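Remarks on the structure that follows.
The values are calculated or read from the model by the stated rules, or taken from the named source; none is laboratory data. Bear in mind the structure is a predicted one, so any value in this text is a computation, not a measurement. No Cβ is skipped: glycine too gets one built from the backbone with ideal geometry, and neighbour counts run over all protein chains shown.
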Amino acid sequence: MDELTKDESRALHEALDDEYRAWATYDQVLADFGACRPFHHIRDAEGRHIDALAALFVRYGLALPPNPWIGKVPHFANAREACEAGVAAEITNGEMYERLLGATIHPDILAVFRRLQEASQRRHLPAFQRCAGRTTHHRGTDQGHHGHSGGHPA
């Protein structure tokens, strides 16, 4: 049972790519806006998610690709846009793991996918929802614009 199916290999690569993108995006938000909540803690958690997936790559003899997203993620006009994008990204992440769980039979991979999905849905998503709610109640914010799209280059 140590050999991966093609679907499992693709699932691991997709999961890693998504975690790489999240890490790079949240790191860019910190670079653009400083140590704003909740990005610092969630970026660090995404690093731990990458480490958990990297351990599976090593265990199954897969080459670990570098993070292709560094410097290639959107910049946001303000923290509210970044928080709203975080909400959308974590919803998509949860859906991705739900789909990938169906493509996986190895118990260790299933356990990691479930743990990462739970962190995304029970911790990261609510933190970004609180963040988006906090920032949308300030006067002078552009409440008609949503930051789900590509953001604005700096």
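Some notes on this structure:
- So HIS124, is it crowded, with 19+ Cβ neighbours inside 10 Å and either modelled with pLDDT of 95 or more or hydroxyl-bearing (Ser, Thr, Tyr) (or both): yes
- Some residue of region 3-24 being part of a helix (DSSP H, G or I), within 13 Å of ALA82 (Cα to Cα) and hydroxyl-bearing (Ser, Thr, Tyr): no
- Within the set ALA63, ALA31, the sole residue that is out of contact with any helix residue (DSSP H, G or I) (no Cβ under 8 Å at 6 or more places or on another chain), among the small types (Gly, Ala, Ser), modelled with pLDDT of 95 or more and surrounded by fewer than 18 Cβ atoms within 10 Å (Cβ to Cβ) turns out to be ALA31.
- Counted residues, region 89-105 - those being loosely packed, with under 15 Cβ neighbours inside 10 Å, of a type outside the set (Val, Ile, Thr) and part of a helix (DSSP H, G or I): 4
- Set ALA35, ALA77, ALA54, ALA45: member being aliphatic (A, V, I, L, M), in a helix (DSSP H, G or I) and either in contact (Cβ under 8 Å) with a residue 60 or more places away in the chain or farther than 20 Å from TYR97 by Cβ (or both): ALA45
- Checked against (1) farther than 26 Å from ASP2 by Cβ; (2) among the β-branched types (Val, Ile, Thr); (3) surrounded by fewer than 21 Cβ atoms within 10 Å (Cβ to Cβ), ILE50 passes all but a single condition, namely (1).
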